[in-house]
Structure formats: C-alpha cells, structure tokens
Amino acid sequence: MGKEAASAFGRWFALNDFPVKVALTAVCDLNPEVLSWYDGVPSVKLVTTDYKELLADADVDVVYVALPHHLHQKYYLEVLEAGKDLLGEKPFGIDLLAALEIKAAAEQMGRFVRCSSEMPFLPGPQRVIEEVRSGRLGQIIEIKSGFLHSSDLDPDKPINWKRQNQFCGEIGVMGDLGMHVLHVPLRLGWKPHRLHAQLQKIITERPDGKGGIAICDTWNNAVLNTTVQIDQEDVPMTLEMKRIAPGETNTWYIEVLGTQGGVKYSTKDTKALWTFKCEKEQVWQRTDLGFKGMPFPTITGGIFEPGFPDCFMQMLAAYVAERAGALAGRFGCVTPQEALDSHYIFNAGLKSFASQTVENIHYHQTQPV
Ligand SMILES: NC(=O)c1ccc[n+]([C@@H]2O[C@H](COP(=O)([O-])OP(=O)(O)OC[C@H]3O[C@@H](n4cnc5c(N)ncnc54)[C@H](O)[C@@H]3O)[C@@H](O)[C@H]2O)c1
C-alpha cells in the first residue's frame, strides 16, 4: 500500500486547482528490497529501515502508516507523539482496545487523524450517497454492503500475516475488509444497534513458504446481519466481508432499496450505476458513469473510467483537503470515531458467533464484551 500512496503522490499535479502541494519525501520499511523500489521516486529524500529517523525528520508533516495490524497501535501512537499527523490503515488497531487507545491519543494530542478506505470515493458510491440523501428512495426497506475477495480460494497460496490471528487480529476478515464495507453506511448515519454474525474458517492450513504447513486461524468469511434504525424504523442491513467469494476480485458493492426507489453500485461493473423506479412498470435503469463524479476533479476527461489508483488518490486528496480546511462539503476519509465504531461492530460479531446469539452493540464500552 505504501507503493500505491507513492504512485498517487507522484501524479499530484493531475488534480485540478488543488489547494495544497504534497510530496512524498521519506519512506521507511524493514525490507531492503521494498525500500529499493522507492529509489525510483524522485521526490523521496530519506529512505530508511529505522522509523525513528523518519519521525525525527522536521520536513515530514504527515505519515501514512501501512503496517500489519498488530503493529498499528504502537506505530500510530509514536507518529502522534512525534508531532505528526496520521493517515492510518484499517482496521485502525488490531482490536477494540487498540482502536480506543489510538483515538484517545489523537484527541489528546490534537493531531489530524483519519483512516484509509478508498472505494467510496469512486463516482458510483458518491451517487449512491447522493440518491440516499435526496430522499428519493422513500422509506428505506433494506441495505446491503460488501467487499469480496477470492484469491484465498487457492489452497496453495502461501500463508502471510493476514491469515494469522496474532498479526491480523481475532476479527480476521472483518478487520481486513470491514472498514471498507462500513464507511458509507456509517457516514449516512446507519450505525447498527443489533447483529447476528455468521463467521467461517474455510481453509485452515496453508503452505508456510518454507516447505512446511502453517495453521491459518483467521476467519475467512463474515456475514453480519444487522439492524439499523432509520426514521424510527428498524431496517435490516447486511454486511458481507469475504476472502473466499469465488469469482470476486476486490468487488466492493452497496445496494439500498426504498419504497419509492432503489440504488445499487458494484465495482464489478465499474461504470454502472443502477437506479430503480416504480412508475407504470418497475424499472432498473443503468447509467454509465465516467470520471466526472469524482469528488476532486483531475485532468482526466469526464467520460473516462476510473480505477483503484484513482480512488486511492481521491482518498489522499480528501485527507489533505480536510486537513487544510478545504474539504468544502465533499466526502471525507474515515474518522477515528467511525473506525472505532467499526471495532464495536466487529467485537459484537465475535461475541454473537461465539455464543450463537443476537447481540446488542454497545458503542460506549471501554472493554471488549
Ligand atoms: N486500503 C486498502 O485498500 C488496503 C489494501 C491492502 C492492505 N491495506 C492495509 O494496509 C496495511 C498493510 O497492508 P499491506 O497489504 O500493505 O501489507 P504488506 O505485508 O504488503 O506490507 C507491509 C509492509 O510493512 C513492512 N514492515 C513490517 N514491519 C515493519 C516495521 N516494524 N517497520 C517498518 N516496516 C515494516 C513490511 O516489510 C512490508 O513491506 C494493513 O493495515 C492492511 O489492512 C489496505
């Protein structure tokens, strides 16, 4: 993900009339092979395996930290203590306690902190948000939001830190994909108050990459059947997070159905926004979207289709704009509160599955349930 960020900053000039100039100047990684890649990035002046050297660099204002989940709390806190602002990666701490600590430290130190989630910056999700906020959908009937991967279907894929609880966290796939799934619902005020979780461990052993076999103990798939209150009505909201969803490669989707209309979008068909109308006949209408629905205009023409590097750049632009007080009502990155709320939901998901119960979600507790 560090390379993705470098790629976005490397073409910052593509953003039209953007108020803040940004340059990637310092990089830290423990792996020298990873680090040597950054030799090809002209703006980078400091390349180091010692993160303390990076944090001591007075020219660095903001640090983007993309590390395995068990390292989030330690490194996020050190970034804040060094007086830098932070763009953290999801899940913003390995568990609820870590997320509580990070959020509290950010507040106490008054730093600008956001968490990464880029998919909602695509024009499709932006239009979904617009449709919901317009009121055109009538009374909301149901919501589905999901993020689906499938490379873990291959049993010969060697294990890595993301497939081991000690590095990825007990929340498993929820921590990996859940923040992406919750960003838009939480921003729309859809904070579930109750849930039932279905969690699956499907492939439990993998090659360890050294000729042996390693235990793969994370949850591969999670479906959270939740309830949100919208206009005093309980509404079902299904959150789907899967690393083993056959045929899906980074498919992010959201669907919202109401009594007067509906809207759905999936990155599987990147350009297509589907809107539902019930007039003389019931019609799902497809609209082809181009680049022009991006929150931050770029030199790319309005008819051209955006992709992953584009939404990642839009997310970084939102971070920088909001930090500079120039968001101007546009969609912003995940806040520490939203990241913490996602942990309350995942924590209730773990409890629900372990005890096979429907759980109320308590957003103010300071300990895991
Ligand atoms: N926003 C997204 O779409 C997205 C996608 C993938 C991963 N992520 C998140 O990004 C984070 C990193 O995931 P990734 O896929 O880039 O992982 P990765 O394993 O590809 O990269 C992690 C890097 O951290 C380095 N590293 C490990 N320990 C270190 C230390 N102590 N000091 C310095 N460097 C160290 C490793 O050498 C490696 O290069 C995770 O939080 C993950 O959830 C986000």
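The values are calculated or read from the model by the stated rules, or taken from the named source; none is laboratory data. Because the structure is predicted, anything quoted here is derived from the model rather than measured. Here the Cβ is made from the backbone with ideal geometry for all residues, glycine too, and neighbour counts use every protein chain on show. These area figures cover heavy atoms from the full protein model, side chains too; ligands, DNA and RNA do not enter into them. Shrake-Rupley method; radii C 1.70, N 1.55, O 1.52, S 1.80 Å.
Tabulated data for the structure shown
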{"item": "Net charge of neighbours whose Cβ lies under 14 Å from the Cβ of Gly307, counting Lys and Arg as +1 and Asp and Glu as -1", "result": "-2"}
{"item": "q = 0.19, 0.25, 0.30 Å⁻¹, segment 151-210: log10 I(q)/I(0) [Debye, one scatterer per Cα]", "result": "-0.83, -1.14, -1.34"}
{"item": "Rel. contact order, % - alpha carbon contacts under 8 angstrom, at least six apart, segment 62-189", "result": "27"}
{"item": "Glu205 accessible area, assembled protein chains, probe 1.4 Å, Å²", "result": "100"}
{"item": "Area accessible to solvent at Trp161, 1.4 Å probe radius, in Å²", "result": "70"}
{"item": "Debye log10 I(q)/I(0) at q = 0.15, 0.17, 0.20, 0.21 Å⁻¹ for segment 1-102, Cα point scatterers", "result": "-0.65, -0.82, -1.09, -1.17"}
{"item": "Å² of accessible area per residue within segment 98-235, as computed with a 1.4 Å probe and no ligands counted", "result": "41"}
{"item": "Linear extension gain, Glu130 paired with Leu30, 0.36 nm per residue minus alpha-carbon span", "result": "31.7 nm"}
{"item": "Length added when fully stretched, Asp217-Ser43, from 0.36 nm per residue minus Cα-Cα", "result": "58.6 nm"}
{"item": "Fraction of accessible area attributable to carbon and sulfur, segment 306-368 (%, probe 1.4 Å)", "result": "55"}
{"item": "Karplus-derived HN-Hα couplings along segment 51-64 (A = 6.51, B = -1.76, C = 1.60, θ = phi - 60°), whole Hz, x at Gly and Pro", "result": "4, 5, 5, 5, 5, 7, 6, 5, 6, 8, 9, 10, 10, 9"}
{"item": "Förster radius 22 Å - calculated FRET efficiency between Glu78 and Gln337 (Cβ-Cβ, nearest 0.05)", "result": "0.50"}
{"item": "Nearest-20 debye value, segment 164-258 charge dipole, Cβ charges on Lys, Arg, Asp, Glu", "result": "220"}
{"item": "Kyte-Doolittle mean at least 0.5, axial Cα span of 15 Å or more - DSSP H helices of the chain", "result": "96-109, 173-187"}
{"item": "Equivalent-ellipsoid semi-axes of segment 25-172, from the Cα gyration tensor, Å, largest first", "result": "31, 22, 18"}
{"item": "Cα convex hull of segment 223-369, projected area averaged across orientations, nm²", "result": "12.8"}
{"item": "Backbone HN-Hα couplings from phi across segment 298-303 [Karplus 6.51/-1.76/1.60, Hz, Gly and Pro as x]", "result": "10, 5, 5, x, x, 8"}
{"item": "Under Karplus coefficients 6.51, -1.76 and 1.60, residue-wise ³J(HN,Hα) of segment 206-212 in Hz, glycine/proline x", "result": "9, x, 8, x, 10, x, x"}
{"item": "Surface accessible to a 1.4 Å probe, Asp154 within the full protein complex, Å²", "result": "70"}
{"item": "Cross-link reach list, lysines versus Lys3, counting only Cα pairs under 16 Å and skipping chain neighbours closer than eight places", "result": "Lys45"}
{"item": "FRET efficiency, 1/(1 + (r/R0)^6) with R0 41 Å, evaluated for Met109 and Ile202 via beta carbons", "result": "0.50"}
{"item": "Positive minus negative residues near Ala82 (Lys, Arg vs Asp, Glu; Cβ under 14 Å)", "result": "-4"}
{"item": "Shape metrics for the chain, restricted to C-alpha atoms - Rg then Dmax, Å", "result": "20.6, 67"}
{"item": "Extension gain (nm, one decimal) between Lys351 and Trp161, 0.36 nm per residue minus Cα-Cα", "result": "66.1 nm"}
{"item": "Glu142 long-range amide H proximity, modeled H, under 5 Å", "result": "Leu257"}
{"item": "Summed side-chain charge close to Asn250 - residues other than Asn250 whose Cβ falls under 15 Å, Lys, Arg +1, Asp, Glu -1", "result": "-3"}
